[in-house]
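One structure below.
The values are calculated or read from the model by the stated rules, or taken from the named source; none is laboratory data. This structure is a prediction, so every number in the text was calculated from the model and none was measured. Heads up, the Cβs are rebuilt from the backbone with ideal geometry, glycines too, and the neighbour counts pull from every protein chain shown.
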Amino acid sequence: MSYVVGIDLGTSAVKALLVDRDGNVKAEASRSYPLVHKHSGWSEQQPEDWVEGTIDALAELVSGLGSSADQIEGISFSGQMHGLVLLDGQGRPVRNAILWNDTRTTQQCREIDRVLGGRLLEITRNPALEGFTLPKILWVKQNEPKAFEQAKLFVLPKDYVRYRLSGQLHMDYSDAAGTLLLDVAGKHWSGEILSAFELSASFCPPLIESHGLAGKLLPDIAQRSGLSESTKVFAGGADNACGAIGAGILTEGVTLCSIGTSGVILSSESDKQKEFGGKVHFFNHGKQDAFYAMGVTLAAGYSLSWFRNTFAEGESFEELLAGVGDIAPGAGGLLFTPYLVGERTPHADSAIRGSFIGMDGSHSRTHFARAVMEGITFSLNESVDILRRAGKTVDTIISIGGGAQNPVWLQMQADIFGATVVALENEQGPGMGAAMLAAYGCGWFDSLEDCAQRFVKRGAAYNPNPDAVKVYASLFEVYQQVYAQTRSLNEALIPYRG
Ligand SMILES: Nc1ncnc2c1ncn2[C@@H]1O[C@H](COP(=O)(O)OP(=O)(O)O)[C@@H](O)[C@H]1O
Ligand SMILES: O=C(CO)[C@@H](O)[C@H](O)COP(=O)(O)O
């Protein structure tokens, strides 16, 4: 038997999957690592924690295989997007990584708008948002000039881990697309943007396809992990591109809903000129020369974890959500907006914060839990709405991520999105997409589509219930008003934040 390994470098943990030629997951191992929040709105991680966690998780996977470690032919990666890792001339990080959910860069975003105007959207197909990488680069340049002086090159989180495992520096197109330095349709670093911000071409790593061979394992990594030195290391992709690959979303027609820490509505796009006007992100896919449009809710699963950790400490999600299915759509008139860390789609606003509207004495904790699930799903429905208005058909949605583990939430998604929602049989999230990139890279299949046919197994389907669809359609109109009605109130509260 031969195997591949998919490594998902997430925000809270790294998860490694051992996958056989039929797409069966034979073993998995994960290691978590902390987030560092030095100030409100800041979010950092230590790159060394990713590397150590990845090697430990690989060692655990490999130890289960005994003497057959050389049956692992290839490994590949899925990574949290946008995070800035600045490397010195020796390839060492000059500071902590600044992550996708760090919102300190509003001023740098406005500067990018001022300097590039409409060219930014024309070249990168995306607007300047706090989460993306270029604003983070400018923040370090302006606020930590000494660290910036040492920085010779930047990479993204999984690129750094791949570099430490293989000694080779690369960035794949799907992750490079989220930096605001890539000409997305042209598939090259934008000289125009680099020179506008006085960055040299050598500041960007060489570009590679997601299924491209980046190198082999370094001998000391092979020794520590138990893998063979001949294990091939493939580039991998952005976590959302890998989530889509792992759900078999490689062509137009089926949409992805992913509820992890963040939440995503994603639709594959074959036309690289398709215009969304920056309302949703437009990125290169992990499949060669393909693209996708995507809307992002910053605090999707995070809103539910926050609610659990704050009001039901120590309970499992199953305990927390027991009984939510007995409450009617609308949570008894309680409405939640999931803007705990600001929002991306459709309101790119780092200052907005969440609300519960309509509380009364009849509401139990279960009403609140249901309202949180509904609010997250309404936020994702704003992205579904944008895709539909841009002419895309959204009638079948594959749902992945922690949020897809709860059948009440899957039915709620069908009712709010007004579409059939399909779960996967053995949902593994982006790690499976990474494993598929390794399987395709190893030559096990002629195309990613062939690989998906073997690896991706659809499970239960949830059809919209017409009565619930009606209730949610009118509630969604109320939900959509909350942002504008609470915006100035939230701005007035900024001085009181920690
Ligand atoms: N059993 C469950 N029922 C409902 N939601 C869940 C369940 N388990 C996890 N979640 C949600 O999924 C989120 C974690 O999803 P996951 O895909 O593991 O995230 P990430 O990869 O971003 O760390 C949690 O924050 C929680 O909101
Ligand atoms: O910023 C984005 C996408 O643009 C996030 O999707 C991150 O890529 C990480 O999200 P999680 O997988 O941790 O939820």
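Is it the case, given these coordinates, that GLU144 is assigned by TED's automatic domain parsing to the domain that holds SER225 and free of Cβ contacts under 8 Å to residues at least 40 places away in the same chain? Answer is no for this residue. Per this entry, ALA185 is not counted among residues that are under 23 Å from ALA290 (Cα atoms) and either free of Cβ contacts under 8 Å to residues at least 60 places away in the same chain or not assigned by TED's automatic domain parsing to the domain that holds ALA57 (or both).
Yes or no, residue by residue, for (1) among the aliphatic types (A, V, I, L, M); (2) crowded, with 21+ Cβ neighbours inside 10 Å; (3) away from ligand 2 (no atom under 14 Å from the Cβ); (4) over 24 Å from SER43 (Cβ atoms):
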| site | (1), (2), (3), (4) |
| --- | --- |
| GLN90 | no, no, yes, yes |
| THR105 | no, yes, no, no |
| GLN108 | no, yes, yes, no |
| GLU111 | no, no, yes, no |
| GLY131 | no, yes, no, no |
| VAL155 | yes, yes, yes, no |
| LEU181 | yes, yes, yes, no |
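VAL19 passes every criterion in (1) surrounded by fewer than 18 Cβ atoms within 10 Å (Cβ to Cβ); (2) more than 16 Å from ligand 2 (Cβ to nearest atom); (3) among the aliphatic types (A, V, I, L, M) apart from (1). With respect to the stated conditions, VAL25 fails to be among the β-branched types (Val, Ile, Thr) and closer than 19 Å to LEU84 by Cα. Considering the conditions (1) without any contact (Cβ under 8 Å) to a residue 24 or more places away in the chain; (2) in contact with a strand residue (DSSP E or B) (Cβ under 8 Å, 6 or more places away or on another chain), ARG389 is excluded by exactly one of them, (2).
Of all the residues in segment 425-452, those that are touching a residue at least 12 places away in the same chain (Cβ under 8 Å) and away from ligand 2 (no atom under 16 Å from the Cβ) number 15.
Remark: pairs (first residue in segment 293-313, over 9 Å from VAL264 (Cα atoms); second residue of a type in the set (Asp, Glu) and near ligand 1 (Cβ under 8 Å from one of its atoms); Cβ separation under 6 Å; 6+ apart in sequence or on different chains) are absent. Considering segment 6-39, and only residues there that are basic (Lys, Arg) and outside any strand (DSSP E or B), the residue that is nearest to MET436 (Cα to Cα) turns out to be ARG21. Screening the candidates GLU149, GLU144 for the property of being among the acidic types (Asp, Glu), within 17 Å of GLY83 (Cβ to Cβ) and surrounded by fewer than 18 Cβ atoms within 10 Å (Cβ to Cβ) yields one hit, GLU144. Just one of the listed residues (LYS279, LYS287, LYS274) is among the basic types (Lys, Arg) and either within 16 Å of ligand 2 (Cβ to nearest atom) or in a helix (DSSP H, G or I) (or both), and it is LYS279. Report yes if ASN96 is among the polar types (S, T, N, Q), touching a Gly at 6+ places or on another chain (Cβ under 7 Å), within 24 Å of THR261 (Cα to Cα) and surrounded by fewer than 24 Cβ atoms within 10 Å (Cβ to Cβ), otherwise no. The answer is no for ASN96. Residues that are away from ligand 1 (no atom under 12 Å from the Cβ), under 30 Å from GLY186 (Cα atoms) and assigned to a loop (DSSP other than H, G, I, E, B) do occur in segment 384-391. Within segment 300-349, can you find the residues that are away from ligand 1 (no atom under 16 Å from the Cβ), in a loop (DSSP other than H, G, I, E, B) and in contact with a strand residue (DSSP E or B) (Cβ under 9 Å, 6 or more places away or on another chain)? Answer for segment 300-349, where residues must be away from ligand 1 (no atom under 16 Å from the Cβ), in a loop (DSSP other than H, G, I, E, B) and in contact with a strand residue (DSSP E or B) (Cβ under 9 Å, 6 or more places away or on another chain): LEU334, THR345, PRO346, ALA348. THR261 satisfies every condition listed in (1) within 10 Å of ligand 1 (Cβ to nearest atom); (2) outside any loop (DSSP other than H, G, I, E, B) except (2).
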